[in-house]
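The values are calculated or read from the model by the stated rules, or taken from the named source; none is laboratory data. The shown structure was predicted, so the numbers you read here are calculated from the model rather than taken from an experiment. So basically every Cβ, Gly included, is an ideal-geometry build from the backbone, and we count neighbours across all protein chains shown.
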Amino acid sequence: MTVHDDIRQALYDAIGWQEGLANAWAAGSPERQEALDQIKSYRRILKRRYGEDRTSLDLKLAGAKLVNVLDLKKQV
């Protein structure tokens, strides 16, 4: 990996970490808002530096098709 890739991965990891913190706090709490603000900040950095503000997981999920669990059972 290049330094460029390392920095990008660190931003992805930071977004994931902050999302975990935001999910741990109740809606309306100052801690949750702080985590959400950090996520926005990291996404702005990604957009400015790399032209894309979505993580690789976001990109993969964007093209994913939702399926019903019962439909999956039928296929087995």
Residues that are at pLDDT 85 or above and either surrounded by 10 or more Cβ atoms within 10 Å (Cβ to Cβ) or touching an Asp or Glu at 6+ places or on another chain (Cβ under 6 Å) (or both), at least 1 per element: which helices (runs of 4 or more DSSP H) completely within region 1-64 meet that? 3-24, 30-50
Looking at region 1-31 only, could you name the residues that are under 12 Å from LEU46 (Cα atoms) and touching a residue at least 12 places away in the same chain (Cβ under 8 Å)? ILE7, ARG8, LEU11, TYR12, ALA14, ILE15
Sort out which residues of region 32-76 are small (Gly, Ala, Ser) and in contact (Cβ under 8 Å) with a residue 24 or more places away in the chain, and write them in order of number. SER56
